[in-house]
Amino acid sequence: MLVELEGQQYLLGVTAQQVNLIEKLDSAVQVETTSFASRLKQAKEQAKSASKE
């Protein structure tokens, strides 16, 4: 998981039992931001199209 806190990015390893810091990143990673809602809508539309075929 990539987390940004106060302008600093951290790479975390996350399991059901724990969270571990893997790396404090020296340079920022740019990530395409798409909301969960829009991704869910897209997945629903794809599933609907697939069921019609």
Kindly indicate whether any position in region 23-30 is modelled with pLDDT of 85 or more, open to solvent by less than 100 Å² (accessible area, probe 1.4 Å) and outside any loop (DSSP other than H, G, I, E, B).
yes
When you look at Ala43, is it of a type in the set (A, V, I, L, M, F, W, C) and surrounded by 10 or more Cβ atoms within 10 Å (Cβ to Cβ), yes or no?
yes
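The values are calculated or read from the model by the stated rules, or taken from the named source; none is laboratory data. Quantities reported herein were computed from a predicted structural model and do not represent experimental measurements. Ideal geometry is used to build each Cβ from the backbone, glycine not excepted, and the neighbour counts take in all protein chains shown. Note: areas computed on protein heavy atoms with side chains; ligands, DNA, RNA excluded. Shrake-Rupley method; radii C 1.70, N 1.55, O 1.52, S 1.80 Å.
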